[in-house]
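Here is the structure we will look at.
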Amino acid sequence: MKALVLTAIKKLKEKDVPTPSPKDDEVLIQTAYAGICGTDRELYNGLPGSAQANPPIILGHENSGIVKEVGKNVTSVKPGDRVTVDPNIYCGQCYYCRTSRPELCEHLSAVGVTRDGGFAEYFTAPAKVVYPISDSLSLKAAAVTEPLSCALHGVNLLKLHPYQKALVIGDGFMGELFVQTLMAMGVHQVDLAGISEEKLKLNHDHFGVKTFNTAQGDKVPENSYDIVVEAVGNPATQEEAIRSTRRGAQVLMFGVANPNSHFSINSYEIYQKQLTIQGSFINPYCFEDAIGLLESGKVDVLPLISHELKLGEVEEFTSGKLKDVSKAVVEVNDLK
Ligand SMILES: NC(=O)c1ccc[n+]([C@@H]2O[C@H](COP(=O)([O-])OP(=O)(O)OC[C@H]3O[C@@H](n4cnc5c(N)ncnc54)[C@H](O)[C@@H]3O)[C@@H](O)[C@H]2O)c1
Ligand SMILES: [Zn+2]
Ligand SMILES: [Zn+2]
């Protein structure tokens, strides 16, 4: 089969490799689409994502496809089923797994990170992370179930009420997903602060969102929001997130910061406003909910996907050559 192999740090090569066989509890999937994100860029550059990728490895952790073959113990899916795959595989035995916090697993492995993923015509995954989707959901939209499930995990860590007013800081794909997810979960107003006029306009025109372009001088209101999601990962936007909170607010620090960066915070403000500041790591058991939001149309991802690439074009993304990518997916096989 054709595969795009990370042969060494900063080296992606299209190669012919043997098609994998599923083990007894695994599924062989013919890849339709593999989404591509900042994590792939980090892994390409030799930095860890949720875990470390050691070349040679086939990346691709946001996958959809069609089941080709199943191992003898698999009962949850069958050949021909349309599926999306949660990349994260938890050990089930460590302290965190045994206290219902598998996302903090000490032995996390992941499809497209620690084992071969979807930048290939076929890949295998344990049946427990393979989720069937209905015929009404496109395989292209299904490829971004994983990032949506990360937004859902973050949202699930908050206490939400319809009366709340929310602000999302960051107009990348994740920020855009947060806007729709918070609305779908019943928050009555969600505003978006960003720096890309084009993306802010899309979210305003298509989804009716109130936007602030902070690069063009718009000021994010201070002391105003019950829920604030920071989806950039910079000290300046982290501080902006705290400034925009009203009393009793919850702040989701979702953006991944440089490991050496710090932001400053007035601890009196945490006390006086009774703030909750919440971290969020990956997406434990959020796939069924994410699929539900996609199938119901409550979250509409297709207008947000700006690029459909071929395997041979992935390196243009990971090397940073390709500019102005809102969200890119790779069409690996033409499966409708
Ligand atoms: N916690 C998790 O589990 C998890 C999962 C996925 C992604 N992330 C992180 O979430 C963040 C967003 O992800 P993404 O895929 O959208 O990344 P991205 O790089 O596509 O988006 C970042 C966006 O932030 C915007 N931005 C930059 N400076 C800004 C500013 N001053 N104000 C407002 N917006 C600004 C940019 O326009 C850009 O679109 C990243 O840090 C990513 O690593 C976290
Ligand atoms: Zn990703
Ligand atoms: Zn574990």
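The values are calculated or read from the model by the stated rules, or taken from the named source; none is laboratory data. Since this is a predicted model, take the numbers as computed values, not measurements. Cβ coordinates were reconstructed from backbone atoms using ideal geometry, including for glycine residues, and neighbour counts include every protein chain displayed. Each accessible area value is taken on the protein alone, full model and side chains, heavy atoms only, with ligands, DNA and RNA left out. Shrake-Rupley method; radii C 1.70, N 1.55, O 1.52, S 1.80 Å.
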Calculated diffusion of region 3-122, Stokes-Einstein form, Kirkwood radius summed over Cα pairs, 10 °C and 1.306 mPa s, µm²/s: 106
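Shape verdict for region 179-236, please, from the Cα gyration tensor: rounded (a/c under 1.5), prolate (a/b greater than b/c) or oblate. Mind showing how you got there, number by number?
Details: a/c = 1.65, a/b = 1.14, b/c = 1.45.
Judged from the Cα gyration tensor, region 179-236 comes out oblate (a/c at least 1.5, b/c at or above a/b).
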Just need the relative contact order of the chain here, percent rounded to a whole number, with Cα pairs under 8 Å and 6+ apart. 19
Check H107: other-chain or 5+ apart residues with amide H under 5 Å from its amide H, H built from backbone geometry? C91
I'd like the orientation of helix 145-156 relative to the chain: the angle between its Cα long axis and the longest Cα principal axis, in ° from 0 to 90, rounded to 10. 40
Pick out, from F173, H107, V314, the residue whose Cα sits farthest towards the positive end of the charge dipole of the chain, with +1 on the Cβ of Lys and Arg and -1 on the Cβ of Asp and Glu. H107
Rounded to the nearest 500 deg cm²/dmol, what is the calculated helix-only ellipticity per residue at 222 nm for the chain, with -39500 (n - 2.57) per DSSP H run of length n ≥ 4? -6500 deg cm²/dmol
Regression test value, accessible area per residue of region 243-336, probe 1.4 Å, units Å², expected 56
Within the set of other residues whose C-beta is less than 12 Å from the C-beta of T7, count the net charge using Lys and Arg as +1 and Asp and Glu as -1. +2
So with the 1.4 Å probe, I'd like the accessible area per residue for region 43-171, rounded to whole Å². 39
Check each of the trypsin sites (Lys or Arg not before Pro) in region 143-233 and keep only those in coil by DSSP with at most 15 other C-beta atoms within 10 angstrom; list them in order. K159, K219
Crossing angle, helix 197-207 versus the chain [Cα axis fit, 0-90 degrees, rounded to tens]: 90
Environment charge of G60, counting only residues whose C-beta is closer than 10 Å and scoring Lys/Arg +1, Asp/Glu -1: -3
Determine the principal axes of the Cα atoms in the chain, then give the extent along each, sorted from largest to smallest and rounded to whole angstroms. 59, 43, 41
By the mean-Cβ-within-10 Å protection proxy, highest first, 68-81, 240-253, 45-58 rank as 240-253, 45-58, 68-81
Counting only protein heavy atoms, what percent of the accessible surface of the chain is carbon or sulfur at a 1.4 Å probe? 48
Specify which residue in the list L43, Q93, G292 is farthest towards the positive end of the charge dipole of the chain, using unit charges on the beta carbon of Lys, Arg (+1) and Asp, Glu (-1), about the Cα centre. Q93
Inverse of mean 1/r across different Cα pairs in region 158-279, Kirkwood, Å: 14.3
Got a number for the accessible area of F263? Probe 1.4 Å, square angstrom, nearest 10. 60
Quick one: net charge of A127's neighbours, Cβ under 13 Å, K/R +1, D/E -1? -2
Using +1 on the beta carbon of Lys and Arg, -1 on that of Asp and Glu, and nothing else charged, what's the dipole of the chain about the Cα centre, debye to 20? 420
In degrees from 0 to 90, rounded to the nearest 10, what is the angle of the helix 173-184 Cα long axis to the longest principal axis of the chain? 70
